[in-house]
Amino acid sequence: MWGSPKVWPNIAFAPVASVADICRTLSQPAPRTSLTSNMMSYTEARDVLVAQLRKDTEAHDAGQYDAVGRRFDAVEHRFPSGTAPELGKLHIALTFWDGWVHARNHGWPPGPIVVAEWPQLAREVASDLEADREITSAKVLEHFDIVAHPRLDERVQILAARLRDPNNEHGQT
């Protein structure tokens, strides 16, 4: 994906060397091009998810709820889509993160995951991803794995459908 630098009118995009560089890149507006040229690799997406979930866990634990999910849209925009088996755990993790942000945006409504549970679940998801293993949290799988639980709420279904379709411009349903 990152081969030689791509040139955009007067802007050169060099290979991303670290998770910190990827996070910095994600905070900048993406140039208008096809999705595949800006899409993260599996490894980049996994590492960014681990870093962002951990960062949001720290913010949540510190009571800085407004910081949770601050980079979600930028990450989702460059997130790998498709049905490759290795992407399943990444899609579940991104859908979990989306649910966390949604719960925060709606004042932590009562439900199957209470406000105090989100950071611990995020730690578990981040640990699983960092070890490159399948997500093990039964609660996360029950509420965010659309493949195993196809009757999950509409919000989860819409995001999962976008992630499975490699030809869909993220953000369009």
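The values are calculated or read from the model by the stated rules, or taken from the named source; none is laboratory data. None of the values given here were measured: they were computed from a predicted structure. Neighbour counts run over all protein chains shown; Cβ positions are idealised from the backbone, glycine included. Note: accessible area is taken over every heavy atom of the protein model, side chains too, but ligands, DNA and RNA are not part of it. Shrake-Rupley method; radii C 1.70, N 1.55, O 1.52, S 1.80 Å.
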* Asked: Could you count how many residues in the stretch 60-80 are open to solvent by 40 Å² or more (accessible area, probe 1.4 Å) and under 11 Å from Val101 (Cβ atoms)?
  -> 5
* Looking at (1) crowded, with 16+ Cβ neighbours inside 10 Å; (2) modelled with pLDDT of 95 or more, which is the only condition Cys23 fails? -> (2)
* Structure fact -> Selection from the stretch 100-136 of residues under 24 Å from Arg46 (Cα atoms) and polar (S, T, N, Q) yields Gln120, Ser127, Thr136
* **Filter result for Val48 (touching a Cys at 6+ places or on another chain (Cβ under 9 Å), in a helix (DSSP H, G or I) and of a type in the set (A, V, I, L, M))** => yes
* Asked: Picking from Thr57, Thr95, Thr83, which residue would you name as being on the phi < 0 side of the Ramachandran plot and either free of Cβ contacts under 8 Å to residues at least 12 places away in the same chain or open to solvent by 50 Å² or more (accessible area, probe 1.4 Å) (or both)?
  -> Thr83
* Residues satisfying the stated conditions in the stretch 106-140, i.e. in a helix (DSSP H, G or I) and either without any contact (Cβ under 8 Å) to a residue 24 or more places away in the chain or among the small types (Gly, Ala, Ser) (or both) -> Glu117, Gln120, Ala122, Glu124, Ala126, Ser127, Ala138
